[in-house]
1. Can you find, among 427, 176, 363, the residue sitting farthest towards the positive end of the charge dipole of the chain, where Lys and Arg contribute +1 and Asp and Glu -1 at Cβ?
2. Could you work out the helix-only [θ] at 222 nm for the chain, with each DSSP H run of four or more residues adding -39,500 (n - 2.57) and the total divided by the number of residues, to the nearest 500 deg cm²/dmol?
3. Starting with the highest mean, order 611-618, 453-460, 228-235 by the number of other Cβ atoms within 10 Å, averaged over the residues of each peptide.
4. Determine which lysines satisfy two conditions relative to residue 195: a Cα distance under 17 Å, and not lying fewer than 8 residues away in the same chain.
5. Report which label in (1) 0.96; (2) 1.06; (3) 1.13 holds the value of Rg/Rh (Cα atoms, Kirkwood Rh) derived from the coordinates of this structure.
6. Subtracting the Cα-Cα distance from 0.36 nm times the residue separation, let me have the gained length for residue 357 to residue 234 in nm, one decimal.
7. Starting at the first residue of the stretch 373-384, write each ³J(HN,Hα) from the Karplus equation 6.51 cos²θ - 1.76 cosθ + 1.60 with θ = phi - 60°, in whole Hz, x for Gly and Pro.
8. Restricting to the chain, what percent of DSSP beta bridges are antiparallel, rounded to 5?
Amino acid sequence: MDPQLRTLIDHSKYYQGAVREVAALLPAADEELSALIAEATAAGDQLAFMLITTAALDAGRRVGAEHLMDGTGLMPGAIWLGALAWKMEGDVPGALMAAMTRGVLSREVHACALFIVAAWCAEGRGGGLPAGFVAEARLFARLKGLKMEAAAYMAAAALKAGDEGIRAVLAHNSPAFVSEKVDPLTATFGQTRLKHFAAPVMTLVPAAAETALAQGRTMRRSVEKLGRNDLCHCGSGQKYKRCCFGKDQERLHFSSEVAGKTHAELRAEPEAGLTESRLKALPVFELARLDPRKVPETLRRSYITHVTGFQLLDRAVEYFEVLDWSEERGKEWDFVLFVVMREQRKEIAERMVAVRTRHEPVHDLRDGIRLLLARDDPAAELRVFEETAAKILRATDPDELETLAYGVLCSRCTALGIVICRSLLPLLPRKEAAFLLEQILETRDKLNLPPDDPFSDVLEKRLAEETLDEGTDAAALRTARQRLDAKAAEVRELNEKIARQHRELERRERRPAASPQDAPHAPADDSGLREMRFKLEQLKGTLNERSVERTALRRELEKAREDLDALRHGPAAAAPAENGGDEEAHYLPEEPAGNQPLRLPEFPPKFRETLGALPRQAARAALAMIGRLAGGEPAAFAGVVQLRACPGILRQRIGSEHRLLFRLLPDRVQVVDLINRRDLDRRIKSLRAAG
């Protein structure tokens, strides 16, 4: 950068006078101007980027859209992104899509970028959206707690894109911004914003420099405080007022949050005076400029967490390359590698593995990373897939199964990953199964599939079987289950309607072409087909909405169950019940179940009467559990323990109040009894007496 321009920027604030001064120093050639903007974005210099870009656009100079790839993260707000991007030349939608994948943007800027892409394509490309737009928009719409500006931009983007899937997801998480009643207001908001974007850029630039030194943060003096009649700090021997006072007063206007440093000096040395609170408050572009070698050791864990969370993975791997290795580095390496696998950054994965192997052998590399490293070698990739499948078939540990399945889901073969994750939903404990289902739904967004998955029914059936909703304390749980069941029925009915409509539409479209004498009737038939297609799209939109609502209700049911468990097993409930004693004292430590064969269930006499005396839900859950134990399901054996006083007799929980006692024989599951936990002491005594 030209030294004169650099000095001007370092001693300027963002206002119209500074923009005009910068404009006078811009290079005449467009290629040199583009290189100057690229230099500012590469350095993460927000003030330089804003001054140079605004000056160039105000002067009518060409600014290429490619600068948005790194420049979007430097925008001080959504309105600035629109005002600058709308006047750039080139593939603006493509550059903004790239910016969304290069790092984490503020939610307002991210939502505005999606709106600009949708509006640009609607007005200049006939509605053709870039690849990946719908998936990116759906994933963003799933975010909870969007503030007003971000939600408004997102709603306007959904309207411009005309995608019911985006609207359905947003309607659930931000319902105030998506409805037929609100749509006209959203459309007006979008048109108003586009007018602001199209206005001359200088209308948004402050006419005068900001007089406040700081807003929303503590400001530290960049010069020592001295009395006017004190001796000057420079050592000249003169009074301060006659020596450096005037120069220091100007310097004070550029004070930063670090004592003794101006903004320009802090840009040159961003690690100066770094603290935990300042590190957490740094915007992405400033975080990316930190040198990990200069970050204090006490802040390095926080630094690598933030860098990785903001998807600055190039900086994350550099962290391991330049620092000494230690046990702490190894733990951090595992965390970063998981994110690298999720983001599918092969070049980063290669560097991460290389830096680890320089210090110690790597024997336990995740299968998901192995798939990523083999991505460009089909034979090696297929070999890893086969090995992963074999591990899944052998594994019984829920955490291992979840890790293996998620690794495939993150790979480029995402559809295969969905199939594998689906196959594990009936086997994994509820918590792990719920996690995998959430990942399946997010992956469906990326593949532009309907927001719900048919295997939601499997998890909901398990929730019904494993959850006891008897008792006055389970009212919220019963309500949540009833709402979920009703919504699931709606989704199934809509799927059936869509299937029927598809079949009818295909049948009508396969009809032979009309003969000349039937020509007068052809327009009516075309009108009928258009109406059917329109109705089909309406049904799909409704299905999207109901599917998103169903997912939310499933989360509510899980939350209600967790609350009920906490209530029943909290401090008050933890006290031994009458005749209940200390239940855990009756059991030996849990042991791994290993692979289990198929067995036939064997019931004791009068077991039907035992079931009949129990609450209906408990009886149903018990029979389901017995069937799963007989089938050898690994997940059914989680929590199975042996009675201390009765060798060979095992116990499995049925909800919070009932206990299934049974024996495992080579070919049978021999049910001993199904009792209330309060009767456990008495039943153990009778079993010991029986011998």
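1. About the Cα centre, the residue reaching furthest to the positive side is 176.
2. Helices in the chain give a 222 nm mean residue ellipticity of -18000 deg cm²/dmol.
3. Order by mean packing, descending: 453-460, 611-618, 228-235.
4. Output for residue 195: 87, 160.
5. It is the one labelled (2).
6. Taking residue 357 through residue 234 to full extension adds about 39.0 nm, to one decimal.
7. Along the stretch 373-384, the couplings run 5, 8, 4, 8, 10, x, 5, 5, 5, 5, 5, 5 Hz.
8. Working: 17 of 21 bridges.
Within the chain, antiparallel bridges account for around 80 percent of the total.
The values are calculated or read from the model by the stated rules, or taken from the named source; none is laboratory data. These numbers come from a predicted model, not from an experiment. Glycine also receives a Cβ, built like all others from the backbone with ideal geometry; neighbour counts cover every protein chain displayed. Each accessible area value is taken on the protein alone, full model and side chains, heavy atoms only, with ligands, DNA and RNA left out. Shrake-Rupley method; radii C 1.70, N 1.55, O 1.52, S 1.80 Å.
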